[in-house]
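To keep things clear, I will list the structure first and then write my remarks on it.
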Amino acid sequence: MAVLLGVQFIAKSDCCIRNDRGTGEAMITPGYWWVWFMQAQTAQPTVPPEVLTLLNAGVDAENRRDLDQAIAEFRQAANLAPSAGVVFFRLGDAYMKKRDYASAIPPLKRAAELSPDSAPVHQLLGYALLTEGLCLRS
């Protein structure tokens, strides 16, 4: 059993089961991806405040299901912080949510270059490559 963000999880072979006195529902959310990805970001420099503002605006747009706006915000952030892996991860993730897998591959590859030890980046990149039939070329 592991505790992540105050919620207990019991490991199963195919998923995580939420055990918080509510109904036992299978779940793993993008928020956890964010936590795991950020743990791998400790060696990278912090991003400028204007980039954080763009990242927050992109996340807000994602929450409103306005993926085109989110992608635009993340692209601007990527232009301002080309060495911040989290920016490219968020951009690739937004493309994945839009089901534009081919467009997700370049930013996810860049995120993998910038954060080579980040399992969530490599997993999301793997999904995009498999969806596009490019798994043998990765």
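Per-structure values
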quantity: Conditions (1) at pLDDT below 95; (2) surrounded by fewer than 14 Cβ atoms within 10 Å (Cβ to Cβ); (3) part of a helix (DSSP H, G or I); number of the one not met by residue 37; calculated: (2)
quantity: Residue match in the stretch 20-28 (condition: over 22 Å from residue 130 (Cα atoms) and either at pLDDT 95 or above or under 12 Å from the mean Cα position of the chain (by Cα) (or both)); calculated: no
quantity: Subset of the stretch 67-109 [within 23 Å of residue 49 (Cβ to Cβ) and in a loop (DSSP other than H, G, I, E, B)]; calculated: 81, 82, 83, 84
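The values are calculated or read from the model by the stated rules, or taken from the named source; none is laboratory data. The model shown is predicted, which means the values in this text are computed figures rather than measured ones. Counting neighbours? That spans all protein chains shown, and the Cβs are built from the backbone with ideal geometry, glycine included.
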